[in-house]
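Working notes, beginning with the structure itself.
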Amino acid sequence: MLDDLNELKTFRAILREGSLSAAARRLGVSLAVVSKRLATLEERAGVRLIHRTTRALSATEEGARLAMDVERALEAIEAGEDRLAGGRGEPAGTLRVSAPIALGRRHVAPVLGALAMRYPRLVVSLELDDRVVDLVAEGFDVAVRIGMPADSSVMVRKLADNRRIVVAAPAYLDGAGRPATPEDAGGHAFLRYGPGLDPWRLRGPGGKKASLPAPARLRVDDGDVAHDWALAGLGLLLKSEVDVAEDLAAGRLERVLPDWDGGEAPILALYPSAKHVPLKTRVLLDGLAMHLTALTKGHARRFLADPAAVVC
């Protein structure tokens, strides 16, 4: 009988993590325990479930079929646990979250930390990566993203409105001047990040549009570094409003061309389509929405100071 939940959860963790050692870290047990659980499960099943080499790990044909059944079974069990926990207002279980590096470090991580402090039965796993993850295949509960997703098969909740805006340090603007129109900005120093160097497409009052060439004086593949350059007074930067909200409120950065912006870029949460959204997921979505909305209104620490404000 394949009825040992620890063995089944370990099998799922091995496939999700890609190695026995990573599964051990995720589950908080030793590598020896993971190896023994897998060996016992394979003995019970009567077949080899996982191909293992020194460099790679993958499910066998039988293992892949079992993995689908295990995922459905554990999902049903965890949903039941969530419903029971919901009656006590206590989110529980492992919450796997993916987020872009800058947004995740600055805003998602603090919210998750606050929730983990309030709910001791909640286990958090945050992965920061700018790539687009496959929620179901990679076993994530939530992916936080900026802008609309291409995948229409997932559920989407808008956490906060957001725009891309032009900012700079007041000291830089004191020396270089404050442009009144996109054309006035042509002679300024521009800070760029990411692979492309396309013009900045701006929209202004009455539906006006402008294309600002914005040749890079300094360019980097990391948005946080470009942010630091802007704080250091090295030029103009086009960045998500949510990323610079705290600096604007503190006066470290200043809005440039305040009547113009680079378009909408809402902060979204993506989660697998399901009739039952686990309590742990609902609490995270509510916490992120509260934090990010407060941030854009100048109250960035309100949720972090009182995560109990999220109603379970």
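Partners of LYS208 within straight-line reach, counting lysines whose Cα lies under 29 Å from its Cα and excluding those fewer than 8 residues away in the same chain: LYS158, LYS239, LYS297. Working note: Cα atoms of the stretch 164-256, range along each principal axis, descending, whole Å: 30, 28, 25.
Working from Cα pairs under 8 Å separated by at least six residues, relative contact order for the stretch 5-72 is 31 percent. In percent, rounded to a whole number, the relative contact order of the stretch 137-263 is 38, using alpha-carbon pairs under 8 Å and six or more apart.
Panel note: the C-alpha atoms of the stretch 233-295, placed on their principal axes, show extents of 48, 23, 20 Å (largest first).
Residue ranges 106-115, 19-28 sort as 106-115, 19-28 when ordered by packing (mean number of other C-beta atoms within 10 Å per residue, highest first). Positive end of the charge dipole of the chain (Lys, Arg +1 and Asp, Glu -1 on Cβ, about the Cα centre): tell me which of VAL156, LEU238, ALA168 has its Cα farthest that way. In the chain, that residue is ALA168.
With a cut-off of 13 Å between beta carbons, the residues surrounding ASP221 carry a summed charge of -1, where Lys and Arg count +1 and Asp and Glu -1. Distances between placed amide hydrogens fall under 5 Å for VAL256 paired with VAL166, VAL167, ALA168, all partners being 5 or more residues away or on another chain. Put simply, when 281-290, 116-125 are sorted by average Cβ atoms within 10 angstrom per residue, most first, you get 281-290, 116-125.
Distant-in-sequence amide contacts of ALA189, defined by a placed amide H-H separation under 5 Å and a gap of 5 or more residues or a different chain, comprise LEU236.
Rounded to the nearest 10 degrees, the angle from helix 241-250 to the longest Cα principal axis of the chain is 60 degrees. Ranking of SER30, SER240 by neighbouring Cβ atoms within 10 Å, starting from the fewest: SER30, SER240. As a proxy for reagent exposure, ranking VAL154, VAL47 by other Cβ atoms within 10 Å from fewest up yields VAL47, VAL154. Helix-only arithmetic for the chain: the sum of -39500 (n - 2.57) across DSSP H runs with n ≥ 4, divided by the residue total, places the mean residue ellipticity at 222 nm at -12000 deg cm²/dmol.
The relative contact order of the chain, computed from alpha carbon pairs under 8 Å that lie at least 6 residues apart in sequence, is 20 percent. Placing unit charges on the Cβ atoms only, positive for Lys and Arg and negative for Asp and Glu, gives the chain a dipole magnitude near 220 debye about its Cα centre.
Just so you know, all these numbers are worked out from the coordinates, no wet-lab data involved. Note that the structure is predicted; figures quoted are calculated from it, not measured. Please note: Cβ atoms are built from the backbone with ideal geometry, for glycine as well, and neighbour counts cover all protein chains shown.
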